[in-house]
Structures are given as C-alpha cells and as structure tokens.
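Undergrad: First the structure, then my questions, so here it is.
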2 protein chains.
Amino acid sequence: MAEKRVIDPWGSVLVEDYNKIINQFGLEAFDSNMFPNPNKVMRRGTVFAGRDFKVIADCIKNKKPFYALTGIVPSADRIHFGNSIGVSNLRYFQEHGAKTYMLVADLEASAARGVSLEESRRRALEFHIPAYIALGLDPKKTVFYFQSENIDVMRLSYDFSKHVTLNEFKAVYGNADPSRIASSLAQMGDMLYPQLEEKMPGIIPVGVDQDPHIRLTRDVIARTKEKYGFAPLASMYHKFTPSLDGGLKMSKSKPSSMVELPEDESLLRKKMKATKTGGRETIEEQKRIGGEPEKCIVFELYKQHLIEDDKDLDSVYQRCKAGKLLCKEDKQSCSDLIVNFMQDFNKKVEQARKIVPKLKFVRF
Amino acid sequence: MAEKRVIDPWGSVLVEDYNKIINQFGLEAFDSNMFPNPNKVMRRGTVFAGRDFKVIADCIKNKKPFYALTGIVPSADRIHFGNSIGVSNLRYFQEHGAKTYMLVADLEASAARGVSLEESRRRALEFHIPAYIALGLDPKKTVFYFQSENIDVMRLSYDFSKHVTLNEFKAVYGNADPSRIASSLAQMGDMLYPQLEEKMPGIIPVGVDQDPHIRLTRDVIARTKEKYGFAPLASMYHKFTPSLDGGLKMSKSKPSSMVELPEDESLLRKKMKATKTGGRETIEEQKRIGGEPEKCIVFELYKQHLIEDDKDLDSVYQRCKAGKLLCKEDKQSCSDLIVNFMQDFNKKVEQARKIVPKLKFVRF
C-alpha cells in the first residue's frame with residue numbers, strides 16, 4: 001500500500017510539492033487554455049488543480065446554467081492576501097455566467113472558533129461582505145446567506161449523514177470527531193444547496209486544503225442520485241499565498257507571516273523589510289549572477305496579487321534574473337504597490353458598506 | 001468490569017427485568033406519591049423509573065414554570081396501544097402546569113425510515129396530531145413544530161456536536177454511525193429548544209429505550225453551563241405495552257403483536273382470541289386454583305389502557321385469582337372495551353382533524 005497522506009482543512013498544512021498532491025489525490029491538473037480569458041492566477045499556475053473542469057468549461061462555452069459558491073468563516077475582523085485569490089476566482093466565474101453564492105459560515109465559526117452567531121453576523125456585514133465586494137464580487141449578482149439561517153442546508157446535512165460512513169470521515173479527515181462530522185455535513189449541504197432550486201453543475205473555487213469536503217460531497221452526489229439527482233460538483237484549487245518568511249502559507253496564527261487586509265502602512269513596510277527574497281549573499285554577487293525570483297516571496301506577491309499585466313510581470317522577472325533589480329529597491333516598489341492596493345481596497349470597502357443594507361439575503 | 005448493556009433506542013429491545021435496568025443505568029425508581037393525582041399508569045407501576053423527579057414535583061408543588069415534551073416519528077399512518085402511554089403522561093404534566101411541546105420528527109422519519117418530509121407532514125397533520133388530541137392532549141396549550149422547520153433546533157445540534165465525543169456516542173448507542181450521531185444531536189436540540197425562550201426545567205415522558213438520548217443531553221447541559229445555563233432535564237420512563245403473544249413490547253414489524261389505533265374490529269377480535277393469558281391448562285383447573293393475572297396480557301391491557309378505576313381493576317384481578325373469571329369470557333369483555341375505546345378514539349380523531357388547520361405551529 002502506498003503511504004496515505006491526509007490534507008487537514010482545519011489545521012496548517014505543510015505541502016511542498018503541489019504535483020505530489022495532484023497525484024496523491026487524483027486531481028486534474030489545471031490547464032488555463034480550457035477557459036476563456038483566464039484571470040492572472042489562472043494564467044500563472046496559482047490555480048493548479050481541480051475536479052471536473054470540463055463540465056464547467058462546457059457550461060461557459062454553451063452558456064448553460066451553473067453556479068459558483070464560496071463560504072467565509074468570519075473568525076476575525078480582517079482577511080489576508082491569501083484569502084483574496086478565492087475571491088478573484090469566484091469573480092471570474094461570476095463574470096462568465098455563474099449564479100454566485102456567498103455564504104457566511106457562522107455555525108462553523110461558532111463551533112470551531114467560539115465566535116457567537118451575533119458576532120459573526122456583525123463581522124460579516126461590517127467587513128467580510130464589503131471586502132468581497134471591494135475585491136470585485138458583484139453584489140447584485142450574488143446570493144448571500146447565513147449558514148445558521150438556512151434550514152435547507154441543515155435538512156440536507158441531516159439527510160447526508162446516512163450516506164457517509166464513520167470510517168470514511170476518519171479516512172478523509174484523519175479523525176471523526178462529532179463536531180468535525182457536523183461541520184463536514186453542513187459544508188456538503190452548503191455546496192449542494194443551490195441545486196435545490198435548479199439542478200445545474202457547480203464549481204467551488206478554493207484552497208486545495210478544502211478538497212476533502214469536495215471529495216465527500218461528490219461521493220454523496222453519486223449515492224443520492226435517485227433521491228436528488230444532483231448535477232456534478234466541480235472544484236478549482238489554488239496554491240496558498242506563501243508566508244512572508246517563505247513558509248507554505250500565510251497563517252493567522254503568525255501575524256508577521258501575512259499581508260493583512262486592511263493593514264497599517266508602517267507595520268506593512270516593516271514586515272516587507274523582513275520578507276524572504278531570492279536575493280544573493282552580497283549585492284556584488286547578485287549584480288553578477290542575478291536573483292532567483294522563483295524563490296522570492298516578493299515576486300510571488302506580484303504574481304498572485306499585485307501585477308495584472310503578464311508583460312509587466314515578465315519585465316520584473318527578467319530584470320531580477322539579469323541582476324538589474326536589487327532586493328531593497330524591489331521591496332520598496334512592492335510595498336508601494338501594496339499600499340496603493342490597500343488604499344484602493346479601503347476606499348472600496350467603505351463604499352461597499354453602504355450597499356450592504358440593501359443586499360438581499362436569502363430568508364428562510 | 002461489570003458487563004455493560006446497551007439500550008438501543010432504534011432497534012427492538014428485549015428487556016426482561018425492569019429493576020435490572022434501574023440498577024444498570026442508575027435510574028431513580030418512580031414513586032407515585034411524589035406527584036399529585038397520579039394517572040393510572042403512574043399509579044400502577046407502568047411508569048417505573050426516571051431521572052430528577054423531584055425537580056418536576058417541586059415545580060408542580062410551587063407552581064413554577066416547567067415544560068414537558070414529546071416527539072412523534074410519523075413512520076406509519078397509525079399508532080399502537082403502546083404509544084398512547086406516553087401521551088397520557090404528557091397530558092398529566094400538561095394538566096399540572098407544564099408548557100407542552102409536541103414535535104414531529106420528520107427529519108428522523110426521513111433519515112431512518114425513508115419517509116419524505118411531505119409524507120411526514122401529511123401523516124402528522126391527518127393522523128398523529130389528531131390522534132394525540134383524541135387521547136387527551138389540549139391543542140390550545142400545546143406548541144407544535146416540525147423538526148425540519150426548526151432552525152433553532154438545528155443550530156443547537158450543530159453546537160452540541162462539540163460537546164460529545166465519538167467514544168461517548170459509541171458507548172451509549174453501541175455504534176457511532178454518522179446518521180445516528182446526527183439523529184442524537186437533533187434530539188438533544190429538540191429537548192432543550194424550549195429553553196431558548198425561557199430557562200426552566202423540563203421533563204420527557206417516554207419509553208425507557210429513550211434513556212440514552214436523555215443521558216447525553218443531561219451531560220451536554222452540564223458541559224454548556226456557561227454558554228447556555230440550561231435548567232435540568234428530567235425524564236419519566238414507562239414500561240412497554242407487551243406484545244399480545246407475551247413478548248416484551250408491541251412491535252410494528254409484527255402486526256399480530258399489536259392493538260393498533262385505529263384497527264378493524266373483526267381483525268382485533270381475531271388477534272384477541274390468540275392473545276396470551278394467565279389461564280390454566282383446563283377450565284376445571286382454572287376454576288379450582290384460579291388464573292394468573294400477573295402473566296396475563298389481557299390484564300395488562302386493562303391495567304395500562306382500558307380500566308380507569310383502581311377498584312374496577314382490582315375486582316377483575318380478584319375474580320381471576322378466584323377462578324371466577326375465565327379467559328374466554330374475559331377476552332370477550334376486553335375486546336368489547338377495546339372496540340368501545342376505538343369507536344370513541346375514531347370519533348375524537350375526526351373532531352380533532354377539524355381543529356388542526358387552526359393550530360398554531362411554530363414558524364421559523
């Protein structure tokens with residue numbers, strides 16, 4: 001038997017080789033040529049794998065109905081750069097015809113993080129929903145709901161409890177604590193809830209650590225074929241935004257590892273100074289043999305978040321490789337870009353807050 | 001280690017010695033002197049055990065608020081005699097000041113028995129709720145709800161998933177299938193839901209096979225003291241109505257074992273002829289040494305269901321013991337009583353059906 005690795009969607013994951021993940025979990029590698037006008041993370045390998053891409057690509061091509069869904073766990077009053085990749089992908093599908101759902105996982109926040117439902121609601125309305133709108137989600141084309149208010153999701157999860165065994169939960173999550181089971185079942189309910197109204201394929205754009213939920217949900221679709229007849233659920237996985245010190249992902253438990261949204265400018269510039277780059281031992285050496293952007297977190301931030309145009313990105317890459325762009329100067333430019341990004345984000349969040357009271361939430 | 005016995009609330013249970021249950025599960029033996037004007041099943045040992053009786057007795061004595069709750073699983077279009085004991089006890093508490101809840105466990109019926117939510121609703125409205133009213137429940141003083149519509153119950157169950165371990169589910173139920181966990185958590189939510197509005201003690205009058213749910217719920221009360229501050233949950237357990245052939249309980253899987261409500265008269269009289277009694281080998285012997293009402297199912301039906309006055313019941317007992325009441329004649333009288341009961345029941349169900357559209361269900 002080959003060694004079995006568990007991806008734990010609740011804890012920190014040290015995944016060094018995304019190709020290994022593709023092989024171990026039987027994912028499809030992502031090919032941006034399948035989709036029209038891919039966004040920058042799709043073009044640049046940040047989106048790297050998924051399941052059933054063709055189903056969704058066909059929906060887009062043939063203008064057939066499909067949906068895209070994301071959930072936020074409002075366990076803090078801010079997000080970090082890593083979270084914004086999911087939003088850009090959700091936005092991509094929204095702009096390409098997906099009926100779009102954004103749910104506030106307040107039950108999850110309460111059970112896993114001890115955040116009360118009231119506090120989750122406040123955070124979602126005051127920050128998370130405005131932030132997602134600021135990052136480009138069209139509120140008029142998005143269905144919002146709170147998990148704790150969605151009786152249909154709860155009904156589905158109750159029913160799905162028949163269709164997954166205890167051993168499957170153990171195999172997929174590494175353990176089968178009742179709260180983990182409840183959370184997993186609720187997420188299955190969330191992911192299929194849009195199909196209660198209309199059977200249509202869906203796609204979940206999300207970090208690869210969420211694949212266990214999606215795998216189980218796809219199994220449940222197969223097992224409840226007769227009762228529900230759900231259409232396929234596809235997924236699109238992105239890599240994490242690495243930690244500023246070079247670790248696999250930004251982590252809320254380590255503030256110095258993150259670019260937070262929003263963030264104080266002076267604090268940000270301080271963090272950026274300590275950020276890991278692909279620079280050489282000495283300036284002399286770097287000028288002579290060039291830097292290593294492949295190992296540089298600053299370059300990764302450009303690639304994932306800050307530079308839209310591929311030509312501009314390539315120009316940075318070439319200048320670094322040629323030893324013409326040095327790290328100090330580069331960190332300065334990167335910090336400036338982030339500060340601009342942040343100012344723009346903050347302004348848009350302010351504007352979006354005014355829209356929130358007019359949003360239509362699903363009521364049950 | 002002493003042998004551990006598992007009471008399985010979902011399967012058939014062969015429990016021969018109710019005293020053994022009291023000892024093994026650490027129950028309080030029931031003492032009808034604790035309660036004012038006990039009903040016939042309370043007086044006659046059919047109610048035999050429970051938990052925290054004093055809490056509820058004190059509420060009644062001091063006219064403090066408390067609640068009583070029962071759930072029905074509408075897995076059939078009829079009930080049997082055994083089910084009606086729970087209703088009489090619920091009615092007892094209702095008449096002694098309890099805020100009363102009756103919930104339709106339609107999620108349970110769907111997950112465990114494959115009955116659709118629509119079908120559960122139909123059965124509950126057309127039969128089960130009218131039947132409970134016919135058996136004496138005051139609809140004006142009862143809160144009705146459907147489990148599948150009660151988002152508060154679902155929220156509680158999700159939250160409670162944090163407070164019970166997988167091993168506890170295993171220990172209490174013998175296994176920890178996800179659907180069993182979901183069902184158990186939903187039942188905990190049901191039992192404590194009335195306290196979301198007002199913290200007050202509650203009592204669940206129910207067959208002893210439901211004790212596992214109650215034990216876990218009481219543990220959860222202790223573990224969530226700080227968050228919810230729930231008042232104690234008491235329980236009152238009744239023995240089963242034995243199967244007509246002398247088995248421990250009437251069972252839906254064996255129609256000949258049951259007196260169903262409603263039931264066809266000629267079928268009933270046929271079943272009664274085959275019913276086990278405490279009669280002797282020959283009529284001569286019975287006349288000489290008397291019958292054994294302690295072993296007689298007919299006598300048990302009188303005791304639990306058909307004879308209200310203790311003096312009348314005692315008279316039957318004495319006449320049987322004295323060899324003056326023979327089984328054929330007795331079965332005839334018993335059948336007549338059941339037929340009367342049934343006619344009265346059917347009439348009252350008809351009347352109650354007219355009330356149902358006017359009932360106030362909790363809406364969410």
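The values are calculated or read from the model by the stated rules, or taken from the named source; none is laboratory data. What you see is a predicted model; the values in this text were computed from it and never measured. Neighbour counts run over all protein chains shown; Cβ positions are idealised from the backbone, glycine included. Heavy atoms of the whole protein, side chains included, go into the accessibility calculation; ligands, DNA and RNA do not. Shrake-Rupley method; radii C 1.70, N 1.55, O 1.52, S 1.80 Å.
Undergrad: Any residue that is within 14 Å of another protein chain (Cβ to nearest Cβ) and out of contact with any Leu (no Cβ under 7 Å at 6 or more places or on another chain) - is there at least one of those in segment A:136-146?
TA: Restricting attention to segment A:136-146, the residues satisfying the condition of being within 14 Å of another protein chain (Cβ to nearest Cβ) are A:145-146.
This time we only want the ones that are out of contact with any Leu (no Cβ under 7 Å at 6 or more places or on another chain), so: A:146.
Yes, segment A:136-146 has at least one match.
Undergrad: Do we have A:F81 as surrounded by fewer than 20 Cβ atoms within 10 Å (Cβ to Cβ) and at pLDDT below 90 here?
TA: On the way: surrounded by fewer than 20 Cβ atoms within 10 Å (Cβ to Cβ): no; at pLDDT below 90: yes.
Considered against the rule, which asks whether it is surrounded by fewer than 20 Cβ atoms within 10 Å (Cβ to Cβ) and at pLDDT below 90, A:F81 comes out as no.
Undergrad: Further, regarding this structure: Report the residue count in segment A:259-284 for those that are free of Cβ contacts under 8 Å to residues at least 24 places away in the same chain and not in a helix (DSSP H, G or I). Explain how you work it out, then say what you get.
TA: Taking segment A:259-284 as the starting set, the residues that turn out to be free of Cβ contacts under 8 Å to residues at least 24 places away in the same chain are A:264, A:266-267, A:270, A:280-282, A:284.
Subsequent filtering for residues that are not in a helix (DSSP H, G or I) retains A:264, A:280-282.
So the answer is 4.
Undergrad: Being within 15 Å of B:P293 (Cα to Cα), open to solvent by 50 Å² or more (accessible area, probe 1.4 Å) and in a helix (DSSP H, G or I) is the filter here, so list the residues in segment B:311-364 that pass it.
TA: Of everything in segment B:311-364, those that are within 15 Å of B:P293 (Cα to Cα), open to solvent by 50 Å² or more (accessible area, probe 1.4 Å) and in a helix (DSSP H, G or I) turn out to be B:D312, B:D314, B:S315, B:Y317, B:Q318, B:R319, B:K321, B:K328, B:E329.
Undergrad: Inspect segment B:214-234 for any residue being surrounded by fewer than 16 Cβ atoms within 10 Å (Cβ to Cβ) and either among the aliphatic types (A, V, I, L, M) or in the same structural domain as B:F345 (by TED's automatic domain parsing) (or both) and give the result as yes or no.
TA: Yes, there is a match, as at least one residue in segment B:214-234 is surrounded by fewer than 16 Cβ atoms within 10 Å (Cβ to Cβ) and either among the aliphatic types (A, V, I, L, M) or in the same structural domain as B:F345 (by TED's automatic domain parsing) (or both).
Undergrad: From the residues in segment B:192-213 that are within 21 Å of B:L166 (Cα to Cα) and open to solvent by 10 Å² or more (accessible area, probe 1.4 Å), which one is modelled with the lowest pLDDT?
TA: Step by step, filter segment B:192-213, then rank; the result is B:D209.
Undergrad: Using the structure shown, decide if B:R51 is among the charged types (D, E, K, R), crowded, with 20+ Cβ neighbours inside 10 Å and assigned by TED's automatic domain parsing to the domain that holds B:K99.
TA: On the way: among the charged types (D, E, K, R): yes; crowded, with 20+ Cβ neighbours inside 10 Å: yes; assigned by TED's automatic domain parsing to the domain that holds B:K99: yes.
When the stated conditions are applied, B:R51 passes them.
Undergrad: Next up: For residues in segment B:96-118 being in contact (Cβ under 8 Å) with a residue 40 or more places away in the chain and among the charged types (D, E, K, R), which is most open to solvent (accessible area, probe 1.4 Å)?
TA: Filtering segment B:96-118 for residues in contact (Cβ under 8 Å) with a residue 40 or more places away in the chain gives B:96, B:98-108, B:111-113, B:115.
In the following step, the residues that additionally are among the charged types (D, E, K, R) were identified as B:99, B:106, B:108, B:113.
Working: B:K99: 73, B:D106: 3, B:E108: 17, B:R113: 130 Å².
Applying the filter and picking the extreme gives B:R113.
Undergrad: Let me spell it out: the conditions are (1) more than 17 Å from the chain's Cα centre (by Cα); (2) away from chain B (no Cβ under 14 Å); (3) within 23 Å of A:A68 (Cα to Cα), and A:E149 meets all of them except one. Which number is the exception?
TA: (2)
Undergrad: Suppose we keep only residues that are basic (K, R) and touching a residue at least 12 places away in the same chain (Cβ under 8 Å) within segment B:136-179. Which one would you say is most open to solvent (accessible area, probe 1.4 Å)? Write out each step before concluding.
TA: Kept after step one, since they are basic (K, R), are these residues of segment B:136-179: B:140-141, B:155, B:162, B:170.
Narrowing further to those that are touching a residue at least 12 places away in the same chain (Cβ under 8 Å): B:141, B:155.
Working: B:K141: 127, B:R155: 70 Å².
That would be B:K141.
Undergrad: For segment A:327-350, what are the residues that are out of contact with any helix residue (DSSP H, G or I) (no Cβ under 7 Å at 6 or more places or on another chain) and of a type in the set (A, V, I, L, M)? Steps first, answer last, please.
TA: To start, the set of residues in segment A:327-350 that are out of contact with any helix residue (DSSP H, G or I) (no Cβ under 7 Å at 6 or more places or on another chain) comprises A:327-329, A:332-333, A:336, A:340, A:342-344, A:346-347, A:350.
Across segment A:327-350, the qualifying residue is only A:M342.
Undergrad: Answer yes or no as to whether B:R123 is within 12 Å of chain A (Cβ to nearest Cβ), among the basic types (K, R), assigned to a helix (DSSP H, G or I) and open to solvent by 10 Å² or more (accessible area, probe 1.4 Å).
TA: On the way: within 12 Å of chain A (Cβ to nearest Cβ): no; among the basic types (K, R): yes; assigned to a helix (DSSP H, G or I): yes; open to solvent by 10 Å² or more (accessible area, probe 1.4 Å): yes.
No.
Undergrad: What's the total number of residues in segment B:285-310 that are open to solvent by less than 60 Å² (accessible area, probe 1.4 Å) and either acidic (D, E) or not assigned by TED's automatic domain parsing to the domain that holds B:Q343 (or both)? If you could, list the steps in order and put the result at the bottom.
TA: To start, the set of residues in segment B:285-310 that are open to solvent by less than 60 Å² (accessible area, probe 1.4 Å) comprises B:285-286, B:290-293, B:296-307.
Then keep just the ones that are either acidic (D, E) or not assigned by TED's automatic domain parsing to the domain that holds B:Q343 (or both); that gives B:285, B:292, B:300.
Summing the residues that are open to solvent by less than 60 Å² (accessible area, probe 1.4 Å) and either acidic (D, E) or not assigned by TED's automatic domain parsing to the domain that holds B:Q343 (or both) in segment B:285-310 gives 3.
Undergrad: Moving on to the next point. Suppose we filter segment B:285-310 for residues that are within 25 Å of B:S256 (Cβ to Cβ), assigned to a helix (DSSP H, G or I) and aliphatic (A, V, I, L, M); how many remain? Give the steps one after another, and end with the answer.
TA: So the first thing to find is which residues in segment B:285-310 are within 25 Å of B:S256 (Cβ to Cβ), and the list is B:286, B:291-307.
Next, from what is left, pick out any that are assigned to a helix (DSSP H, G or I): B:286, B:293-295, B:297-306.
Subset that is aliphatic (A, V, I, L, M): B:297-298, B:301, B:306.
The qualifying residues number 4.
Undergrad: Are there any helices (runs of 4 or more DSSP H) wholly within segment A:1-74 with 1 or more residues that are under 19 Å from the mean Cα position of the chain (by Cα) and either modelled with pLDDT of 95 or more or basic (K, R) (or both), and if so which? Steps first, please.
TA: On the way: elements: A:18-25, A:40-43, A:53-61.
In segment A:1-74, the matching helices (runs of 4 or more DSSP H) lie at A:40-43, A:53-61.
Undergrad: Right, next: Failed condition for B:H80, given (1) over 24 Å from B:E308 (Cα atoms); (2) out of contact with any Phe, Trp or Tyr (no Cβ under 9 Å at 6 or more places or on another chain), with all others met?
TA: The failed condition is (1).
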